[in-house]
1. Keeping all protein chains in position, work out how much accessible area Cys112 exposes to a 1.4 Å probe, and write it in Å² to the nearest 10.
2. Enumerate the lysines that Lys46 could reach by cross-link, defined here as Cα to Cα under 27 Å, with residues fewer than 8 away along the same chain left out.
3. Using the basic label-point model (7 angstrom from Cα toward the beta carbon), what is the Leu42 to Phe87 distance in nanometres?
4. So for the pair Arg73, Val94, with labels modelled 7 Å out along Cα→Cβ, what separation do we get in nm?
5. If we count every other residue with Cβ under 15 angstrom of Leu48's Cβ, Lys/Arg +1 and Asp/Glu -1, where does the sum land?
6. Where a ≥ b ≥ c are the square roots of the eigenvalues of the C-alpha gyration tensor, would you call segment 38-85 rounded, which needs a/c under 1.5, or, failing that, prolate if a/b is larger than b/c, or oblate?
7. Using R₀ = 22 Å, calculate the FRET efficiency as 1/(1 + (r/R₀)^6) where r is the Cβ-Cβ separation of Ile80 and Ser52; round to 0.05.
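The values are calculated or read from the model by the stated rules, or taken from the named source; none is laboratory data. Nothing here was measured: the structure is a model prediction, and the numbers come from that model. Cβ sites come from the backbone with ideal geometry, for glycine too, and all protein chains shown count toward neighbours. Remember, those area values only see protein heavy atoms, side chains included, never the ligands or the DNA or RNA. Shrake-Rupley method; radii C 1.70, N 1.55, O 1.52, S 1.80 Å.
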Amino acid sequence: EMLFIAQFYLTFAFIFEYFFFICSILIMLQDGLFDQVAVPLLELNKPLPGISDIANKRISALDVAETFVQTPRVQQSVKIARIVIAFYRGLQSVARLFEDNDPDGMLLADNCVFRPGQRQKYICTGGLFI
């Protein structure tokens with residue numbers, strides 16, 4: 001029975017920590033902080049007109065850099081740019097699930113009060129916290 005209680009507590013704690021992480025990411029998205037990093041990278045991933053038409057396939061500036069500039073620094077930069085773009089698109093997808101105007105979305109909380117330095121780090125009400 002004690003093992004079950006410990007497992008339940010750990011699972012519950014993990015869910016709340018995960019919720020806190022998601023809230024932090026959503027706040028970054030709402031503040032536009034991550035947009036300042038990711039949006040310029042999105043431009044590098046757009047198909048290049050002319051070249052894409054001639055090749056009859058999607059070719060971006062990242063593809064050109066990856067193919068024609070074979071230095072380790074550029075190769076690593078292209079890899080990081082692609083990871084940031086994929087992460088950004090994934091975050092946007094998750095954020096859309098929690099939008100207030102989405103009838104199919106999920107309301108996590110109407111209100112959260114964050115209390116750094118206290119035992120209970122946050123108090124949330126409404127949504128899943130009814």
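1. 40 Å²
2. Lys57, Lys79
3. It is 1.7 nm.
4. 3.3 nm
5. Net local charge, Leu48 excluded: -1.
6. oblate
7. 0.40
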